[in-house]
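First up is the structure itself, then whatever we jot down about it.
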Amino acid sequence: MTIDTKSQRADHGPVRRILSSVFAILQTRLELIGIELAEEKDRLLTVLFLGIAAMMLAMLALIALTALVAIAFWDTYRWQALAAITAAYALAAVFCGVKARNGLHHAPVVFEATLNEFEKDREMFRKP
């Protein structure tokens with residue numbers, strides 16, 4: 001009976017080592033996913049904060065510009081000046097919208113490094 005138990009343990013040894021290696025690889029890859037997720041969150045929060053600050057400051061500048069132009073042309077071309085400013089704002093809004101849409105469509109692949117590592121792992125296990 002002790003011989004059968006030892007042979008069973010010997011048979012399970014390589015399998016356990018392989019499973020241990022597989023789980024170690026998965027743990028490493030999950031840690032990599034966590035790191036990439038944290039980096040992406042930090043990047044997005046920074047971009048969001050800077051974008052909101054830029055929009056607020058730009059809005060203040062546009063309000064001041066509108067008031068300045070309206071005051072400067074109040075006696076002669078008030079509605080033409082305001083129409084020109086409105087057209088300029090509309091064109092700028094369309095430009096920004098198109099750029100934002102392009103930025104979303106051409107965004108980098110999320111978790112690219114992790115996916116590359118999984119591909120390397122798959123290739124390693126395919127080799128005989």
message = Between a residue in the stretch 44-66 that is under 20 Å from Ala83 (Cβ atoms) and any residue that is surrounded by 10 or more Cβ atoms within 10 Å (Cβ to Cβ), which pairs come within a Cβ distance under 6 Å, given they are 6 or more apart or on different chains?
response = Thr66/Ile85
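Have a look at Thr86, Thr66, Thr28, Thr76 and point out the one that is in a loop (DSSP other than H, G, I, E, B), polar (S, T, N, Q) and on the phi < 0 side of the Ramachandran plot.
Matching residue, one of Thr86, Thr66, Thr28, Thr76: Thr76.
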task = Answer with yes or no whether Arg126 is at negative phi, surrounded by fewer than 12 Cβ atoms within 10 Å (Cβ to Cβ), out of contact with any His (no Cβ under 8 Å at 6 or more places or on another chain) and at pLDDT below 80.
result = yes
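Looking at Val98, Val110 in this structure, which one is touching a residue at least 40 places away in the same chain (Cβ under 8 Å), surrounded by 10 or more Cβ atoms within 10 Å (Cβ to Cβ) and under 28 Å from Leu48 (Cα atoms)?
On the way: Val98 fails: touching a residue at least 40 places away in the same chain (Cβ under 8 Å).
Unique residue meeting the criteria: Val110.
Looking at Ala72, Ala113, Ala92, can you tell me which residue is among the aliphatic types (A, V, I, L, M) and within 14 Å of the chain's Cα centre (by Cα)? Give the steps one after another, and end with the answer.
Details: Ala72 fails: within 14 Å of the chain's Cα centre (by Cα); Ala92 fails: within 14 Å of the chain's Cα centre (by Cα).
None of the others qualify; the one that does is Ala113.
The values are calculated or read from the model by the stated rules, or taken from the named source; none is laboratory data. Everything quoted here is computed from the prediction, not taken from an experiment. Virtual Cβ from ideal backbone geometry, glycine too; neighbours counted across all protein chains shown.
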